[in-house]
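Data block below; observations after.
The values are calculated or read from the model by the stated rules, or taken from the named source; none is laboratory data. Computed from a prediction, not measured in an experiment: that's the story for all the values here. Neighbour counts run over all protein chains shown; Cβ positions are idealised from the backbone, glycine included.
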Amino acid sequence: MTITVFTWNMGGVGPQGTRGVGHASAQVGDAYISWWPAEHALKAALDSRAKRHTIRDDIEADGTPHFASAPIADLDEDKVLSWWKSVCDANDNWSHDERALGSYRFLSNNCSTTVFRALLIGAAPELRTRIWATYLSSQANTEATLARAGVILDRIVGGWGGYAQVIESIKLLGIDRTVTALRPAGLIVTPLDVHAVVSKIWS
């Protein structure tokens with residue numbers, strides 16, 4: 001079993017003639033990971049019960065994917081599928097207690113963060129660090145964002161700053177705490193980031 005990642009360009013024109021915000025999805029065995037807001041409205045994009053798409057739904061909405069990765073074989077698909085089942089269960093049984101896991105949130109739980117999280121969950125520790133490093137390097141043109149990330153990590157580990165230390169902090173803190181630390185800095189995952197990570201690591 002392998003994983004294939006798909007992305008649609010930000011600003012791409014879909015079958016209905018409208019420009020989209022881009023999209024990312026992944027095929028993991030028989031499971032298709034595609035995370036959408038409840039409807040195409042600002043309020044739903046900011047926080048709503050997520051809607052899961054099939055590949056056919058995605059193509060009808062945004063057209064043919066602009067990028068499809070080669071099959072990725074060095075991830076633990078069983079871990080990804082187990083995590084995805086928990087996400088789907090929370091989405092199916094959406095309630096206040098499960099909202100964080102079953103919700104779509106444009107700034108923190110969008111289609112791209114969902115695919116990015118799947119890659120991290122399926123990766124062994126060394127590969128996980130490489131995924132993070134590649135993601136951060138894709139943000140290289142936003143030096144201020146990296147600087148803010150460094151400041152936040154400074155508060156946690158004390159006296160560290162700069163890109164290399166951000167990577168070392170990832171190793172030290174682990175994924176969950178690092179995600180929590182970086183999120184306030186505005187490191188939002190986009191389809192461009194997913195494309196960059198997958199094409200650079202699994203080209």
Of the residues in segment 27-59 that are within 25 Å of residue 2 (Cβ to Cβ) and of a type in the set (Asp, Glu), the one that is nearest to the chain's Cα centre (by Cα) is 58
Within segment 22-66, count every residue that is part of a strand (DSSP E or B), modelled with pLDDT under 90 and not polar (S, T, N, Q).
1
Pick from segment 101-115 the residues that are assigned to a loop (DSSP other than H, G, I, E, B) and either hydrophobic (A, V, I, L, M, F, W, C) or in contact with a Phe, Trp or Tyr (Cβ under 6 Å, 6 or more places away or on another chain) (or both): which of them is modelled with the highest pLDDT?
106
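Okay, residues lined up against (1) among the aromatic types (Phe, Trp, Tyr); (2) more than 18 Å from the chain's Cα centre (by Cα); (3) closer than 20 Å to residue 190 by Cα:
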{"position": "69", "(1), (2), (3)": "no, no, yes"}
{"position": "75", "(1), (2), (3)": "no, no, no"}
{"position": "84", "(1), (2), (3)": "yes, no, yes"}
{"position": "92", "(1), (2), (3)": "no, yes, no"}
{"position": "105", "(1), (2), (3)": "no, no, yes"}
Which condition number in (1) hydroxyl-bearing (Ser, Thr, Tyr); (2) under 17 Å from residue 114 (Cα atoms); (3) surrounded by fewer than 16 Cβ atoms within 10 Å (Cβ to Cβ) is the one that residue 34 fails?
(3)
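Those residues that are touching a residue at least 24 places away in the same chain (Cβ under 8 Å), on the phi < 0 side of the Ramachandran plot and not aliphatic (A, V, I, L, M), I need them from segment 19-41; list them, please. Step through it out loud before you land on a result.
Going residue by residue through segment 19-41, those that are touching a residue at least 24 places away in the same chain (Cβ under 8 Å) are 20, 22-29, 31, 33-38.
Keeping just the survivors that are on the phi < 0 side of the Ramachandran plot gives 20, 23-28, 31, 33-38.
The answer is 20, 23, 25, 27, 34, 35, 36, 37.
Name every residue in segment 42-51 that is without any contact (Cβ under 8 Å) to a residue 60 or more places away in the chain and under 20 Å from residue 190 (Cβ atoms), in order of residue number.
Taking segment 42-51 as the starting set, the residues that turn out to be without any contact (Cβ under 8 Å) to a residue 60 or more places away in the chain are 42-43, 47-51.
42, 47, 48, 50, 51 - these are the residues of segment 42-51 that are without any contact (Cβ under 8 Å) to a residue 60 or more places away in the chain and under 20 Å from residue 190 (Cβ atoms).
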